[in-house]
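The values are calculated or read from the model by the stated rules, or taken from the named source; none is laboratory data. Fair warning: this is a prediction, and the values are worked out from it, not measured in the lab. Note that each Cβ is placed from the backbone with ideal geometry, even for glycine, and that neighbours are counted across all protein chains shown.
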Amino acid sequence: MLFCLLASPLQAFAQEGENGDIYVLPPIIVREKLAYSGAITGYLAPATETGVKSGVPLSEVPQSITVVTSTELEDRKPRQIEDAIAYSAGVDASTWGTDDRYDQFAIRGFDMGPSALYRDGLPQKALSFSGFISDPYMIERIDVLRGPAGVLYGSNDAGGMVNLVTKRPVFGPLAQLEASYNSNNTGTLGFDLGNVLNKSGTLAGRLTGLVRDGETDVKASENDRQFIAGSLTWAPTDATSLTVLGHVQHDNLTPIIMGPVNGQDIEPAWGRLPENWLLHEPDYNSMKTTQQSIGWDFTHDFGNGLRFNNRLRYAHQNTNYRQLDLSYAAQEGVYYYPFHNVEEARTLGFDSNFEYKSTLFGAENSLTVGADYQLSRYHVTQYLDDSSYLISYDDPSFDFDVTEPALSSVTKARYEESGLYLQDHMKFDQGTALTIGLRHSWFETRQTDLLTGTTDTQKNQATTFMLGVTQELANGLTPYASYTEGFTQNVGKTITGAALDPSKSRQVELGLRYAPSADLLLSGAIFDLRKTNVKDYDTSDPTWSSFSQAGEIRSRGIELEARGRLTETLQGVASYSYLDTKITKNDDASLIGNENAMAPHHQISVWLDQDLSPWVAGLSAGAGVRFVSSSYSTQANLRKTPSHTLVDLSLHYDAKPFSVDFGVTNLFDRDYYGVCYDAYGCALGEGRVATLTLSRSF
């Protein structure tokens, strides 16, 4: 990825001061193309390189895509990545309620958060409980691509993918400090510093860090984080750029809490738990992680239309996760069981490609040919036995000691994937853009039980294809049509010990974009998406380590989104999504015709930010509402998670160099569930959180 979407040329220049001194000023970056990635001012990004790797305007991407810009992130100040994409069309955020283990969300009716995250174009997927979480404060934009993306990104789930773009150096002074405190007794200090580092103006650096200490809604919980992220960009000429990115992060968080619901999981004749039971947890529960990453983005332009791009990242995480988890509710009380996972995970990924720009058949042609590779390894030691603890309805309390369970398993796993791909993008004079792509991938997963010495291996290959066309019309309308494919190797076993089958996905999409002005984009899409062998937890397994699969699931829907500036003082985003999912094939005939899990029929979201400076200088206000309709929690369709509506609020006052922000999420403190599992229990969504932030720019 190009630093700052650097295109050309980069140069430093000198200026004579009042006393005759010569000052070397920061370099001027003259861009030959739009901001394909990187910081964006306003709510509308003009272009992206997530959907087409050579980078194109949004209007030429033949697939539904949303860019959450730097301005939107700054206005809403999300606490997690899943919160950052909550106003994007087709995205059901926080599908598992208050869950700090990793980011959870569904796209187009497929629950896929931990397996759909990328950072700077490279996979950042969860390995077991190692989630490689990124804090929104270290991210400057987020691209949400909906539908299969197997050609460009290899193993990729049907619903789409989310690409996080890390903050990186700017060739100029940058200095900001901020402090915040919220209603969950959580305090945060953050800094973001950067500048040119040499007299010739070819080297720039940036340092971003955050320290947070506090809690969540849950009593006696932990919500602590410390991270520091550094980056250096070296651009010795207008043809070469190298950006090195690294970060270290420590987290002490609260894992998900599932609890039984009175009158549903708990029969009225048995008794009742306190209404706020899901806001309690035992002292035994904890989720502590340490992660590090180092990598680079490199580009070199050979001239005559030929450019080489290379990305690489190595990441490592240690996880210590223990929990007294819900087992089941019975007449005598509620049973809980303890487990403890100690994990170490490593990932290595790189993506290299050559991009050749030329004129072909009278069109501007950009051909990208590349190879990518990822290697993931994780080692999991689990402590789990038949011990259980009974909570009575008469005197419910977690005020007891939990004995560490016995060693149950030691597993070592290795996942390796390599692929060769090409993508060609042609732009004709009459406004037609044609995008075609092809990829072949090789996958291998190896899991070794270190207690028994047995090893299970899964090997697969897949060829994926995509074809799309867009047509820019003179009236600002741009219709498009596309066909895309994807492939996922499912890691895990059924409750009988059989290895899971791989999943394949395919999608047909028709869309229309309308740009009434340069600052506003209206988008609509209809799609038919199919996925085979959809993976779901097997609720008959009390350890939650086994899975079931549905033969094929069809997801059809409509998505509408408006994003950008409505007036000189009003900007924002609005979206509506409709989903119709159905299990069309399955070995279990009773499931055929059922809906997919975590696939709400309707979602509506609106966020608007009003500049109030004409009345009060420096003042702006934002407000948003999100509605998610009810949805089934499993493919068996035995229980629905109820619908919910949430309201968010933001006030911003800028009195340079200081600024003050006051934000409230879930303004009316609405009680809602992220998920309610069949005959098991529910996970509570996050309650009202009010945050006051003071910032100082230098």
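If I ask for residues that are surrounded by fewer than 24 Cβ atoms within 10 Å (Cβ to Cβ) and over 22 Å from residue 230 (Cβ atoms), which ones from region 128-142 would you list?
Within region 128-142, 128, 129 meet the criteria.
Looking at 311, 272, which one is under 20 Å from residue 676 (Cα atoms) and at pLDDT 95 or above?
272
With 548, 503, 540 as the choices, which residue is under 17 Å from residue 587 (Cβ atoms), of a type in the set (Gly, Ala, Ser) and surrounded by fewer than 17 Cβ atoms within 10 Å (Cβ to Cβ)?
540
Can you go through 340, 316 and tell me which one is within 30 Å of residue 278 (Cβ to Cβ), surrounded by 15 or more Cβ atoms within 10 Å (Cβ to Cβ) and either touching a residue at least 24 places away in the same chain (Cβ under 8 Å) or not charged (D, E, K, R) (or both)?
340
From (1) surrounded by fewer than 22 Cβ atoms within 10 Å (Cβ to Cβ); (2) aliphatic (A, V, I, L, M); (3) closer than 25 Å to residue 594 by Cα, pick out the condition that doesn't hold for residue 651.
Failing condition for residue 651: (3).
If the requirement is being over 30 Å from residue 206 (Cβ atoms) and small (Gly, Ala, Ser), which of these qualifies: 269, 315, 235, 239?
269
Residues being touching a residue at least 12 places away in the same chain (Cβ under 8 Å) and either outside any strand (DSSP E or B) or loosely packed, with under 15 Cβ neighbours inside 10 Å (or both): count how many of those fall in region 482-498.
Summing the residues that are touching a residue at least 12 places away in the same chain (Cβ under 8 Å) and either outside any strand (DSSP E or B) or loosely packed, with under 15 Cβ neighbours inside 10 Å (or both) in region 482-498 gives 6.
So residue 567 ticks every box in (1) closer than 23 Å to residue 147 by Cα; (2) of a type in the set (Val, Ile, Thr); (3) in a loop (DSSP other than H, G, I, E, B) but one. Which box is left unticked?
Unmet condition: (1).
Does at least one position in region 124-143 carry a residue that is farther than 24 Å from residue 313 by Cα, in contact with an Asp or Glu (Cβ under 9 Å, 6 or more places away or on another chain) and of a type outside the set (Ser, Thr, Tyr)?
No, there is no match, as no residue in region 124-143 is farther than 24 Å from residue 313 by Cα, in contact with an Asp or Glu (Cβ under 9 Å, 6 or more places away or on another chain) and of a type outside the set (Ser, Thr, Tyr).
Being in a strand (DSSP E or B), under 19 Å from residue 103 (Cα atoms) and not aromatic (Phe, Trp, Tyr) is the filter; apply it to region 671-696 and report the residue that is nearest to the chain's Cα centre (by Cα).
674
For region 356-407, how many residues meet the condition of being among the hydroxyl-bearing types (Ser, Thr, Tyr), out of contact with any His (no Cβ under 6 Å at 6 or more places or on another chain) and in contact (Cβ under 8 Å) with a residue 60 or more places away in the chain?
So the answer is 8.
When region 451-481 is examined, which residues are found to be assigned to a strand (DSSP E or B), of a type in the set (A, V, I, L, M, F, W, C) and modelled with pLDDT under 95?
462
Consider only pairs whose beta carbons are under 9 Å apart and that are at least six residues apart or on different chains; among these, list those whose first residue lies in region 273-298 and is touching a residue at least 12 places away in the same chain (Cβ under 8 Å) and whose second residue is assigned to a helix (DSSP H, G or I) and surrounded by 15 or more Cβ atoms within 10 Å (Cβ to Cβ).
From residues that are touching a residue at least 12 places away in the same chain (Cβ under 8 Å), the pairs are 297/3.
Does region 143-159 contain any residue that is touching a Pro at 6+ places or on another chain (Cβ under 9 Å), aliphatic (A, V, I, L, M), buried (at least 24 other Cβ atoms within 10 Å of the Cβ) and modelled with pLDDT under 95?
yes
Being touching a strand residue (DSSP E or B) at 6+ places or on another chain (Cβ under 7 Å), over 23 Å from residue 384 (Cα atoms), surrounded by 15 or more Cβ atoms within 10 Å (Cβ to Cβ) and of a type outside the set (Phe, Trp, Tyr) is true for just one of 334, 244. Which residue is that?
After ruling out the rest, the residue left standing is 244.
Anything in region 79-115 that is in contact with a Phe, Trp or Tyr (Cβ under 8 Å, 6 or more places away or on another chain), closer than 21 Å to residue 488 by Cα and small (Gly, Ala, Ser)? List them, or say none.
Within region 79-115, just 113 meets the criteria.
From 88, 94, 59, grab the single residue that is over 25 Å from residue 484 (Cα atoms) and among the polar types (S, T, N, Q).
94
Look through 465, 527, 547 and report the one residue that is free of Cβ contacts under 8 Å to residues at least 60 places away in the same chain, aromatic (Phe, Trp, Tyr) and in contact with an Asp or Glu (Cβ under 9 Å, 6 or more places away or on another chain).
After ruling out the rest, the residue left standing is 547.
Test residue 228 against the stated conditions and say whether it is among the β-branched types (Val, Ile, Thr), modelled with pLDDT under 95 and either on the phi < 0 side of the Ramachandran plot or surrounded by fewer than 16 Cβ atoms within 10 Å (Cβ to Cβ) (or both).
So residue 228 fails the test.
Which of the residues belonging to region 299-320 are in a loop (DSSP other than H, G, I, E, B) and of a type in the set (S, T, N, Q)?
Result: 304, single match.
What about residue 369, is it in contact with a Phe, Trp or Tyr (Cβ under 7 Å, 6 or more places away or on another chain) and either of a type in the set (Val, Ile, Thr) or not in a strand (DSSP E or B) (or both)?
yes
Which pairs have Cβ atoms under 9 Å, sit 6 or more apart or on different chains, and link a residue in region 246-268 that is at positive phi to one that is of a type in the set (S, T, N, Q)?
If the second residue must be of a type in the set (S, T, N, Q), no pairs are left.
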